[in-house]
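Student: Handing you this structure, nothing more for now.
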Amino acid sequence: MKSQATMICCVVFILATECSHHRPKMHIKDGAKLQNSKGKPGTGRIQEKCHEPCLSSTNCNRPCAKHFRGEIGFTCHQKKWQKSTETCTSLSVETLFKVTHLHIFGIGASSPGGGREDSNGVSRLSMAASSIPLHILDFRAPEPVKSVAQGICKNCPHDYACIIDVVKSSEATSGNIAFIVELLKNISTDLCGSVTREKMKSYGEVANHILDTAVISNWSFIPDKNASSDLLQSVNLFAGQLHIHNESEDIVDEPFIQTKGFHIDPNSTERSFNFSMSMDNATESILGTIEIPRQELQKLPPWSTSQAISIAFPTLGAILKEPHLPNMSFSRPINGLVLSVILPERMKEILFTFEKVNKSRNTRAQCVGWHSQKRMWDEGPCETTMDVRDKVKCRCNYTNTMMSFSILMSPKSVMDKVLDYITCIGLSVSILSLVLCLIIEATVWSRVVVTEISYMRHVCIVNIAVSLLTANVWFIIGSNFSIKARDYNWCVAVTFFSHFFYLSLFFWMLFKALLIIYGILVVFRRMMKSRMMVIGFAIGYGCPLVIAVTTVAITEPEKGYVRLDACWLNWDNTKALFAFAIPALVIVAVNLLVVLVVAINTQRPSIGSSKSQDMAIIMRISKNVAILTPLLGLTWGFGIVTLIEGTSLIFHIIFALLNAFQGFFILLFGTIMDHKIRDALRMRMSSLKGKSRAAENASLSPTNGSKLMNR
């Protein structure tokens with residue numbers, strides 16, 4: 001007994017000596033480095049910078065500051081050294097439990113005043129412990145600590161308080177962040193006993209330390225890019241093993257992580273979690289809500305009692321890293337809280353409400369779930385049921401690999417206001433132009449349809465004008481619809497008619513192109529007008545009807561025919577938009593070939609042709625191309641360019657102008673520029689003038705005058 005007391009006294013003396021040796025130095029340098037003026041974790045310091053010449057594609061590694069293990073990697077970029085990786089760490093399994101052993105001896109547990117020792121003191125103790133012989137520290141625990149789980153089970157089996165002070169006093173360098181992620185991962189996968197409220201609270205305190213806004217930038221220097229995904233998965237796994245005792249519990253309430261839970265049963269009404277957390281040091285909190293629908297609660301076995309747990313992260317969205325994929329546009333910033341939920345296996349659907357961080361009018365959102373295996377945001381399991389200026393509502397499918405959800409900030413649409421004005425003005429002009437076109441065609445019809453080809457040509461123009469006019473009207477109706485439950489069926493109807501008449505427009509343009517080829521290639525044999533009419537209406541209205549009806553029949557049973565934010569074909573879930581895009585683009589490609597054939601056929605080579613004749617040929621080709629381009633729908637080809645990421649604004653404006661004013665172009669090139677129609681109009685006007693003069697002369701004749709006098 002006396003020898004043990006002597007040994008304890010020796011340990012106390014050695015520790016006091018070590019602490020006194022380190023105190024002045026630590027107080028001046030490392031104490032200021034551990035926490036900033038606001039009490040937030042520090043960000044790490046570099047021992048020295050690279051002095052080698054900075055050449056393209058070269059790297060440089062430098063050691064970390066004193067008391068840190070690891071190194072800092074630099075990459076030469078634009079002739080300047082820039083930090084790329086960092087593995088500086090002052091934490092290890094040994095240092096965690098060496099300090100724990102000192103607490104066993106009664107050292108560092110309290111200050112003379114009765115309070116707990118400050119964080120700088122704990123850090124100094126940790127660094128002092130690194131120089132103490134291992135056999136002295138292991139006096140009470142002769143067997144070595146083989147793992148974090150073993151050390152926790154031995155030193156703090158009821159909670160994780162034995163490591164909290166060491167972790168929270170450590171500087172949040174990239175290396176220490178990576179170490180803490182591995183620490184939490186090991187705790188989650190190698191548990192000692194069941195997860196209690198106390199353990200969950202301690203676990204949340206450790207995670208909160210590396211989720212602070214002050215250390216977010218340090219995550220980018222961790223060599224393992226899966227660290228952020230590992231953290232999320234570890235927290236979800238650990239929370240999934242928590243057992244709730246009370247009806248409703250607020251378990252973890254840290255600035256950067258909150259955990260809540262409650263009991264649920266089949267007889268419960270809708271249950272919800274409500275979170276309110278600050279993001280990016282903002283004064284106002286961002287809200288998030290998780291709702292469990294009643295129909296999901298009814299899936300639970302009768303008389304069973306289950307639990308639901310949810311976790312909210314305000315800063316994790318800025319940390320999560322996705323793999324770089326060729327078909328994915330980066331970056332995809334998060335615009336709300338990241339919300340995790342742990343539910344019973346039978347439950348599959350969950351409702352979310354996210355408040356937007358960026359509330360700009362043009363900022364749209366996409367509901368997503370984090371796929372834990374692919375380590376990326378996935379749009380498939382979620383659908384956006386409402387997207388307004390300040391909040392978004394989502395309906396998502398819950399699985400074992402899809403437990404965390406948020407909203408992505410969609411790229412701002414290119415100059416929405418400018419394009420909206422162009423579309424609005426263009427559609428108005430087009431509708432008036434198409435009405436005038438139909439009036440002119442009705443006026444001169446009997447004078448211009450003298451042959452089978454001319455008859456079918458004007459039939460095509462009339463049906464193109466009717467299809468585009470009707471499609472534009474349905475488009476305007478659909479753009480003014482608000483998608484609500486009571487308007488859904490109307491929205492499906494509006495989308496169907498818009499889809500059908502826009503397809504009719506393209507198929508009548510295709511038939512017109514086929515007529516042009518028929519007129520060029522077939523000279524001596526002509527098809528009967530009745531047969532041409534049957535073929536024309538079968539192509540112009542039959543094919544669109546088959547496509548539109550088939551699309552509705554396939555996609556509508558799963559509510560995937562229309563978009564969630566507009567009355568138009570769905571893209572995100574069922575790719576119903578392909579039923580319009582593919583036929584339209586194929587027809588545009590075919591019609592482009594027809595225009596090329598016309599241009600080649602227009603050129604009449606002749607021996608000894610003069611420059612004036614060549615210029616006339618060029619003018620004739622240009623005129624034909626200009627006339628056929630709007631009539632055959634070639635302007636829609638610009639839509640392909642606008643689908644490319646980063647397309648210049650000028651292409652979007654050109655596409656909007658050409659297609660919004662398509663009705664005007666049909667009137668101009670299909671009607672007004674046709675000399676036969678102009679001649680027929682002049683003759684019609686002349687005949688009307690002749691009739692009016694004849695009527696005047698008849699009214700002024702002597703016979704009529706005598707009759708008037710007699711009256």
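Student: Compare the peptides 234-242, 55-63, 266-274 by average per-residue count of other Cβ atoms within 10 angstrom and give them in order, highest first.
Tutor: Result, highest mean Cβ count within 10 Å first: 234-242, 266-274, 55-63.
Student: Under a 5 Å amide H to amide H cut-off, with H placed in plane at 1.01 Å, what residues pair with residue 376 once short-range neighbours are removed?
Tutor: 371
Student: Please find the FRET efficiency linking residue 653 to residue 675, where r is the Cβ-Cβ separation and R0 is fixed at 35 Å, and quote it to the nearest 0.05.
Tutor: About 0.60, to the nearest 0.05.
Student: How big is D for the stretch 171-246, in µm² s⁻¹ as a whole number, if Stokes-Einstein is applied with the Kirkwood radius of its Cα pairs at 20 °C and 1.002 mPa s?
Tutor: The calculation lands on 166 µm²/s.
Student: Got a sec to turn the phi values of the stretch 574-591 into Karplus ³J(HN,Hα) couplings, 6.51 cos²θ - 1.76 cosθ + 1.60 with θ = phi - 60°, whole Hz, x for Gly and Pro?
Tutor: Per residue, the Karplus-derived 3J(HN,Hα) values read 10, 6, 5, 4, 4, 5, 9, 5, 5, x, 5, 5, 5, 5, 4, 5, 5, 5 Hz.
Student: I've got another one for you. Across the stretch 195-206, in residue order, what do the Karplus-derived ³J(HN,Hα) couplings come to in whole Hz, using 6.51 cos²θ - 1.76 cosθ + 1.60 with θ = phi - 60° and x for Gly and Pro?
Tutor: Each residue of the stretch 195-206 in turn: 7, 9, 4, 5, 5, 5, 5, 5, 4, x, 5, 5 Hz.
Student: How large is ³J(HN,Hα), in whole Hz, for each residue of the stretch 537-547 in order, when computed from phi with the Karplus curve 6.51 cos²θ - 1.76 cosθ + 1.60 and θ = phi - 60°, using x for Gly and Pro?
Tutor: My calculation for the stretch 537-547 gives 6, 5, 6, x, 10, x, 4, x, 5, 4, 5 Hz in order.
Student: Among 536, 492, 518, whose Cα sits farthest toward the positive end of the charge dipole of the stretch 483-601 (+1 at Cβ of Lys/Arg, -1 at Cβ of Asp/Glu, about the Cα centre)?
Tutor: Of 536, 492, 518, it is 518.
Student: Further question: Just the ratio, please: alpha-carbon radius of gyration of the stretch 442-558 over 2.2 N^0.38 Å, N its number of residues.
Tutor: For the stretch 442-558, the normalised Cα radius of gyration is 1.31.
Student: For the stretch 484-592, calculate the relative contact order in percent as a whole number, restricting contacts to Cα pairs under 8 Å that are 6 or more residues apart.
Tutor: Over the stretch 484-592, the number comes to 36 percent.
Student: Given H placed on each backbone N at 1.01 Å, which residues far from residue 307 in sequence or on other chains put an amide H within less than 5 Å of it?
Tutor: Placed amide hydrogens put 264 under 5 Å from residue 307.
Bear in mind that the values in this text are calculations on the coordinates, not laboratory data. Small disclaimer: the values here were computed from a predicted structure and weren't measured. We place every Cβ from the backbone using ideal geometry, glycine too, and count neighbours over all the protein chains shown.
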